[in-house]
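The values are calculated or read from the model by the stated rules, or taken from the named source; none is laboratory data. Note that this is a predicted model, so its numbers are computed, not measured. All Cβ positions, glycine included, derive from the backbone under ideal geometry; neighbour counts span all protein chains shown. We work out accessible area using only protein heavy atoms, side chains counted, and drop any ligands, DNA or RNA first. Shrake-Rupley method; radii C 1.70, N 1.55, O 1.52, S 1.80 Å.
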Amino acid sequence: MEYRPGDIEPKWQAHWRKKETFRAEEKPDVDKYYVLDMFPYPSGAGLHVGHPLGYIASDIVARYHRHLGYQVLHPMGYDSFGLPAEQYAIQTGQHPAKTTEANIARYRQQLDQMGFSFDWSREVRTSDPNFYRWTQWIFLQLFESWYNCAHHRAESISTLLTHFRRHGSEGLQAFTTFEGQFTPQEWAAASPAEKEEILQHFRLAYRSESTVNWCPALGTVLANDEVKEGYSERGGHPVIQKKMMQWSLRVTAYADRLEAGLNTIDWPASIVEAQRNWIGRSEGARVYFDLPGREEKIEVFTTRPDTLFGVTFMVLAPEHPLVDQLTTAEYAATVKDYQEMAARRSERERMAEVKKVTGAFTGAYARHPFKDELLPIWIADYVLASYGTGAVMAVPAHDSRDWTFAKTFDLPLRQVVAGGDIEKAAHDAQEGKLEQSDFLNGLPVSQAIPKAIEALEAKGAGRGEVNYRLRDAIFGRQRYWGEPIPIYYDDGVPHPVRETHLPLELPDVDQYLPTETGEPPLARAERWHYHPDKGVVPPGEGYPLELTTMPGWAGSSWYDLRYMDPHNRTEPVGRGAQQYWQQVDLYLGGSEHATGHLIYTRFWHKFLKDRGYIEAEEPFKKLINQGMILGNSALVYRRKGENVLVSAGQVEDPQQYDRIHADVSLVNTSDELDVAAFRRWRDDLAGAEIIAEKDGSFKVLREVEKMSKSKYNVVNPDDIIAQYGADTLRMYEMFLGPLEQSKPWNTAGISGVHNFLRKTWRLFWQEDTWLVTEEKPSEKELKSLHQLIKKVTQDLKQYSFNTAVSAFMIAVKELSDLKCHKRAILEPLLVTLSPFAPHLSEELWEQLGYSGSIERVPFPAYEESYLQESTHAYPISFNGKVRFTHELDLSLDKKAVEEAVLGLEKTQKYLGDKPVRKVIVVPGKIVNIVQ
RNA sequence: GCGGGUGUGGUGGAAUUGGUAGACACGCUAGAUUUAGGAUCUAGUGCCGCGAGGCGUGGGAGUUCGAGUCUCCCCACCCGCACCA
């Protein structure tokens, strides 16, 4: 029999499906292992060879753990709300649910033929009402919660109401933007609208007037992580700042826990760093500066309270609320001009003009807390309203931005930390001792900081504070294809939709565009009003419902939990399922979600834990970012302005040419283009003149780029599978290089892996002869096998799949050379191989006479005793490590012996008094020392 | 500017974590075989040199009997954040 992947792969895929081989069950006495892939957005283009990379790796891990006896949860689903389906709907009028459905069917078919061991009975789709009812439910829990800083956790809003009734705002330690005070009596007397107004400052899901990233082209707001350098991440449209009433989530309440949790998880350093950066914790102090003749104070945040005596002026953000009150009549006009200029400048312009120093004097002064000195107050847009207090104490001698500002506007400098030349540049290093600083004089910076905070606190002029860069997450989107936010409005006051009315299903609309008046698409729905008893009703019978929908990351912030209990009708995840599966042990996906999905998910899990719905504080114990598989584009040179195509080897000055992407399927592995096919493919080039190489071939230029339809460099896994089979594709993708690394797809090497599988097959079959014997294996054969098992076991533990594939190749080659067809060797070999090449392993396992699946056969253990060299080598110990090496005859080379002895004398020192029995050398070098 | 990462043959990449650098695979060269098929098998393949030999892990120093691996200083590229006080 020949190796025919085209026959055996569909056979086993059907078998697995029928027998539900990969169904995960909760067995309390069996250990669990939860391995999860980031679920895909089902795009219209289908999968390319880059998508399965992570799925293959996770599948290997899943199958390996089944061999180890774990209950493995390895699910898959779809992140099926999103912009592309909506934009397609806008263009064609096709309901996004329909396109999504079709795309999912295609994805499923592609995934199935890869032989993944997903438990499809647990599939989830974020756009499925049975799923998003719980996304809406979690939103309602956020709406009904506040953050109690005294208990370091979120609590039901009812505990807050109890506090208000009993104590008013007195003694409350809440994470809030509310700044007023009230008594229990005042609370009792307040109207529902007034009460809600206050509660909005406490709720973890709240509405506020805030500056948002508005993308006019997409007609929606975007979260900070969806904006890259002033352009939308999706589509690359310009983004401007706009004030709007918006739903937000109070993720900032969790800033400290999100930061602290990073130390408890096994994630790549780069992601941990990116999140640290994004959270942006900085320790420092809040300092109050009195304003002569006024009640208000200017509050600033600084990380360098030690430089307090170096302050020579104050700077407020142009939007700072105190600016208008402070500005004197004399400067009112210039300040107003400056404010208007600053407001006009978009985020992007500001970023482009970072070096440009602008500002305006307000005419007002603030008082230094420790000196009888008045500090001029300026406004400037280098101070951001959104960070800290929107105001800074300027220390031009020790902060480069303040320094530039002082130099531009001719403000004084005062050095208070020794070192540097402050006339040339700010001395911002945290080194040196304090001077001209009263009670701080002579202290090094590290000691001056706590001392300054102490003094500020004693005087009531400030306090130590930790500040975060993290902003609350804007949660509303002016789009159709997302989860409706389950809120209705009674006279402008938001109320939650009743839980029993969930899911609040997306209504049908005639078009998927915003309305002429700029309202979100949901405003087009005929029935989109709500009655607390009846649910969704026509207009006139209830209250208006919220028109915005949730952002793309809502469903993905908790989907890992739903897999644990996907069919639960009464809870997002049942207690038993949650307690058994706990958290994801291994999570695989791209690094592009570092500051989006991966932060929001951590936030939601912490919240759900606080409210007692789940047990794990962190969703993902270990995270691996698989690299991207890049396309290997083929470019054809065409002379500028002429219809002449020139082979790459004949091009002298590339400047004179345009480059046209050719479909990579028209190019062979030697970079030769099938010119005739290319002309048929691009009929505008049918009549082009061709200048070929001397040998008549036509060569293209290769370039590594992201895979994309428009670059014609997409390689479809279906084609690879049709030619070589899924097992070859799986092993080849693993063989390409380390999982985490990005690498270009190159089909050239695939024959090596395919040959390996055929060679494996030939250990069992020679044409139609079954070769397997019951003979006793030889030492050599056992050594090959156990070396393999050891290497693969180690590699699996380290997720080093490329080296594991190499180990298989070596072992199979050795066994072929030994003509080893012995059952005692081949059986464990197959089990070891089965996570990597499951179809082939299953098929041969069956032919070995087993009726059950190979899936649960225990993974073989290796034995060191088989691994020892039988000739010319023996174990030695050196520096406490055991190793095996060859013995060499010292008499071979006189020089080597001399050097060996020389080395021996030096080595003897740190070997102590243990006698050295033998020195092992190769000519000129000592290799090892035997004690 | 700050932070993270990477640098090894013609190519993808190994190196038991300080012990003969280049495993494995692709590619290439030569040969064998076959009713040219993108098949199979054998040998060779880091660079320079006819050779003995020399040189080699981005560059330079250092520690060590011994460095791709550890330390310091540079260089290049990739990624993230960025007037964050």
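Based on the reciprocal of the average 1/r between different C-alpha atoms, the Kirkwood radius for region A:760-802 equals 12.5 Å. Near A:THR220, the amide H atoms lying under 5 Å from its own belong to A:CYS215; only residues 5 or more places off or on other chains count, and H is placed 1.01 Å from N. In the full protein context, region A:592-691 carries 43 Å² of accessible surface per residue, based on a 1.4 Å probe and ignoring ligands, DNA and RNA. Taken as Cα centroids, region A:747-769 and region A:71-134 sit 36 Å apart, rounded to the nearest whole angstrom.
Taking 0.36 nm per residue of separation and subtracting the current Cα-Cα distance, fully stretching the chain between A:THR159 and A:SER270 would add 36.0 nm. Evaluate the relative contact order of region A:180-315 (contact order divided by residue number), counting alpha-carbon pairs under 8 angstrom at least 6 apart; express in whole percent. This gives 16 percent for region A:180-315. The alpha carbons of region A:482-620 occupy a box of 50, 35, 26 Å along the principal axes, longest dimension given first. With viscosity 1.306 mPa s and temperature 10 °C, the Kirkwood radius over alpha carbon pairs of region A:141-186 converts through Stokes-Einstein to a diffusion coefficient of 146 µm²/s. Computed with the Debye formula from one identical point scatterer per Cα of region A:707-832, without solvent, the log10 of I(q)/I(0) at q = 0.11, 0.21 Å⁻¹ comes to -0.45, -1.24. Which value, in Å² rounded to 10, gives the accessible area of A:LEU68 with a 1.4 Å probe and all protein chains present? Approximately 80 Å² for this residue. Using the Cβ-Cβ distance between A:GLU642 and A:VAL704 with R0 set to 25 Å, the FRET efficiency from 1/(1 + (r/R0)^6) comes to roughly 0.35.
Is there a quick way to get the dipole size of region A:1-88? I mean about its Cα centre, with the Cβ of Lys and Arg at +1 and of Asp and Glu at -1; what is the value in debye to the nearest 20? Dipole about the Cα centre, nearest 20: 300 debye.
Here each label is just a point 7 Å from Cα along the line to Cβ, and for A:LEU771 and A:ALA14 those points are 2.9 nm apart. Above 18 Å lies some portion of the pair distances; for region A:55-204, what is it as a whole percent of all C-alpha pairs? Beyond 18 Å sits 71 percent of the P(r) for region A:55-204. Here's the picture: a label point sits 7 Å out from the Cα of A:ASP719 along the beta-carbon direction, and within region A:666-686 the residues with their amide nitrogen under 16 Å of it are A:666-682.
Just to be sure I understand the curve: with the Debye formula and one point per C-alpha of chain A, what is log10 I(q)/I(0) at q = 0.07 Å⁻¹? The computed values of log10 I(q)/I(0) come out as -0.81. Region A:542-631: which trypsin sites (Lys or Arg not before Pro) are DSSP loop and have at most 13 other beta-carbon atoms within 10 angstrom? Sites meeting the loop and neighbour criteria: A:ARG569. How many percent of the accessible area of region A:607-704 is carbon or sulfur, using a 1.4 Å probe? Carbon and sulfur: 42 percent of the exposed surface of region A:607-704.
Between A:THR303 and A:GLU779, the simple label model (points 7 Å from Cα in the Cβ direction) yields a spacing of 6.4 nm. Give me the base-10 log of I(q)/I(0) for region A:240-394 at each q in 0.11, 0.18, 0.21 Å⁻¹, Debye formula, one uniform scatterer per Cα, rounded to two decimals. Taken in order of the listed q values, log10 I(q)/I(0) reads -0.56, -1.17, -1.33.
To the nearest 20 debye, what charge dipole does chain A have about its Cα centre, counting +1 at the Cβ of each Lys and Arg and -1 at the Cβ of each Asp and Glu?
That gives chain A a dipole magnitude of about 1540 debye.
With only the Cα atoms considered, region A:183-326 has a convex hull volume of 224 Å³ per residue. Per residue, the convex hull spanned by the Cα atoms of region A:123-227 amounts to 164 cubic angstrom.
Charge dipole (Cα centre; +1 on Lys/Arg Cβ, -1 on Asp/Glu Cβ; no other charges) of region A:566-650 amounts to roughly 240 debye.
In terms of overall dimensions, region A:107-168 has a Cα radius of gyration and Dmax of 20.5, 64 angstrom.
Step through the table entries A:LYS27/A:LYS606; A:LYS371/A:LYS459; A:LYS621/A:LYS790; A:LYS27/A:LYS621; A:LYS407/A:LYS451, compare each Cα-Cα distance with 18 Å, and write down the pairs that go over it.
With Cα atoms farther than 18 Å apart: A:LYS27/A:LYS606; A:LYS621/A:LYS790; A:LYS27/A:LYS621; A:LYS407/A:LYS451.
Determine which lysines satisfy two conditions relative to A:LYS228: a Cα distance under 26 Å, and not lying fewer than 8 residues away in the same chain. Here the lysines satisfying the reach criterion relative to A:LYS228 are A:LYS242, A:LYS243, A:LYS355, A:LYS356, A:LYS706, A:LYS709, A:LYS711, A:LYS743.
Cα centroid separation, region A:536-594 to region A:222-274: 19 Å. Between A:ARG659 and A:LEU818, the contour length at 0.36 nm per residue exceeds the alpha carbon distance by 52.0 nm. A helix-only calculation puts chain A at -10000 deg cm²/dmol for mean residue ellipticity at 222 nm, using -39500 (n - 2.57) for each DSSP H run of at least four residues, averaged over all residues. Across region A:25-95, C-alpha contacts under 8 Å between residues 6 or more apart give a mean separation that, scaled by the residue count, equals a relative contact order of 46 percent.
Could you let me know the centre-to-centre spacing of region A:354-428 and region A:654-680, using Cα atoms, in angstrom? Using only Cα atoms, the two centres lie 59 Å from each other.
Label sites at A:SER446 and A:ARG498, each approximated as a point 7 angstrom past Cα along Cα to Cβ, lie 6.3 nm apart. Taking R0 as 45 Å, what FRET efficiency do you get between A:GLN173 and A:SER806 from their Cβ-Cβ distance, rounded to the nearest 0.05? Efficiency, rounded to the nearest 0.05: 0.20. Which of A:PHE698, A:LEU739, A:THR728 sits farthest toward the positive end of the charge dipole of region A:696-748, with +1 on the Cβ of Lys and Arg and -1 on the Cβ of Asp and Glu? Most positive-ward Cα: A:PHE698. Annotation: average projected area of region A:544-668 is 15.6 square nanometres, based on the convex hull of Cα atoms across all directions.
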